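Below is one structure, written out as structure tokens, with a few remarks after it.
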Amino acid sequence: MSHDYTDVIARAFFGFLFFSLGLDLLLSGDFHMDVLPWWIPTPGITIIGCGMLLILGGTLIILGVWLQIAAAVLGFFLAFSITGIYLPGFMDIPVGVRVEAEWLWFLLLKSNLMRDLSLLGACIYLFNHELGKFSLEVYLRGAGIELTPWRKAQTETPPTQNEPSSSL
């Protein structure tokens, strides 16, 4: 399978994961508010903001536009989630979790931690990924519209020749 096809398939799966996680945050925010750590300010606004950030990042990845920006922002979001929510979650069980369900809390915490570590690795990879031809950014670049001026193609300069010129 060519790079172009694997690029679009991988971006579709990867971006859909972020898109669906963001949509889940927006549609089931009440559930998430019960299990957030106590130190998260204004949990309702935080959940809405995180949901919108995940939907936007997933959409940018699916479309193949501003991939480096989306990967960096989502990577920082994942790093914050790992260090600020999942790791402290092993030490302090939220008030909304009943005693008979603590085992389930730890099971979900471990699986979410592993998922986010994997996603963080993929975000780090995508930061230097070259988009295939089935991306909006490559299509627009072909039409003469450059959305990411810092990602200009590098042209190889020919080596200088230091040969003495012969004069006859």
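Among the residues of the range 51-73, those that are assigned to a helix (DSSP H, G or I) and closer than 17 Å to F13 by Cβ comprise L54, I55, G57, G58, T59, L60, I61, I62, L63, L67, A70, A71. For the range 71-87, does any single residue satisfy the condition of being in contact (Cβ under 8 Å) with a residue 60 or more places away in the chain, closer than 30 Å to V138 by Cβ and of a type in the set (A, V, I, L, M, F, W, C)? No - not one qualifying residue is present in the range 71-87.
With respect to I40, is the statement that it is closer than 17 Å to L78 by Cβ and assigned to a loop (DSSP other than H, G, I, E, B) true? So I40 passes the test.
Could you tell me whether the range 33-55 includes any residue that is of a type in the set (S, T, N, Q), farther than 30 Å from E146 by Cα and without any contact (Cβ under 8 Å) to a residue 60 or more places away in the chain? Yes.
Condition check ((1) out of contact with any helix residue (DSSP H, G or I) (no Cβ under 9 Å at 6 or more places or on another chain); (2) at pLDDT 90 or above) across all residues:
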| position | (1), (2) |
| --- | --- |
| W105 | no, no |
| L113 | no, yes |
| G121 | yes, yes |
| G142 | yes, no |
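Scanning the range 82-128 for residues that are surrounded by 16 or more Cβ atoms within 10 Å (Cβ to Cβ) and in a loop (DSSP other than H, G, I, E, B) yields I93, V97.
Is it the case that D7 is of a type outside the set (A, V, I, L, M, F, W, C), at pLDDT below 85 and part of a helix (DSSP H, G or I)? It is false that D7 is of a type outside the set (A, V, I, L, M, F, W, C), at pLDDT below 85 and part of a helix (DSSP H, G or I). Within the range 1-45, the set of residues being closer than 18 Å to W105 by Cα and surrounded by fewer than 14 Cβ atoms within 10 Å (Cβ to Cβ) comprises S28, D30, F31, D34, P37, W38.
The values are calculated or read from the model by the stated rules, or taken from the named source; none is laboratory data. Being a predicted model, the structure only gives us computed values, none of them experimental. Cβ sites come from the backbone with ideal geometry, for glycine too, and all protein chains shown count toward neighbours.
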